[in-house]
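> Please see the structure below; I have some questions.
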Amino acid sequence: MTRVVEAGIVVPSQQGVTGPYLSADPPPANLMSTIESMDFGEMLPYAHPVGAEITSMLSEQESWRQLWRGEAAAATVLPQWEDQVNQVLREYWERAGE
């Protein structure tokens, strides 16, 4: 994410890499919209009733740490997570339909 932000391709999605974005010369064209969104933005996973459960489940796995350290490829890890997340969502919707 740091490299993508430094290249000016995207608005940073992680607070830890906002430095290069906010201090770019010249400033990004959408700088003001980014700053204004910080007043009301929130992490979307928590908007879903089981979002916190899913985030916790994934972040406790070794594959999560490996991915963020660059030791595992997203193409390998994401399909595994997809199955796990879909299972949690299926269970949620089964309970919700009762």
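The values are calculated or read from the model by the stated rules, or taken from the named source; none is laboratory data. Because the structure is predicted, anything quoted here is derived from the model rather than measured. No Cβ is skipped: glycine too gets one built from the backbone with ideal geometry, and neighbour counts run over all protein chains shown. Only protein heavy atoms, including side chains, enter the accessible area calculation; ligands, DNA and RNA are left aside. Shrake-Rupley method; radii C 1.70, N 1.55, O 1.52, S 1.80 Å.
> Examine the stretch 35-56 for a residue that is among the polar types (S, T, N, Q) and more than 14 Å from the chain's Cα centre (by Cα), and state whether such a residue exists.
yes
> Against the conditions (1) more than 18 Å from the chain's Cα centre (by Cα); (2) at positive phi, where does GLY70 fall short? Just the number, please.
If we test GLY70 against (1) more than 18 Å from the chain's Cα centre (by Cα); (2) at positive phi, just (1) comes out false.
> Residues in the stretch 1-51 that are open to solvent by 50 Å² or more (accessible area, probe 1.4 Å), of a type in the set (A, V, I, L, M, F, W, C) and closer than 30 Å to GLN87 by Cα: how many?
Residues meeting the conditions: 4.
> Further question: Give, as residue ranges, the helices (runs of 4 or more DSSP H) completely inside the chain that count at least 1 residues that are at pLDDT below 75 and not small (Gly, Ala, Ser).
Of the helices (runs of 4 or more DSSP H) lying wholly inside the chain, those with at least 1 residues that are at pLDDT below 75 and not small (Gly, Ala, Ser) span 31-37.
> Could I ask something else about it? What pairs can you find where one residue is in the stretch 69-83 and within 17 Å of SER56 (Cβ to Cβ), the other is among the small types (Gly, Ala, Ser), and their Cβ atoms are less than 9 Å apart, with a gap of 6+ or different chains?
Pairs found: VAL77/SER63; GLN80/SER63; TRP81/SER63.
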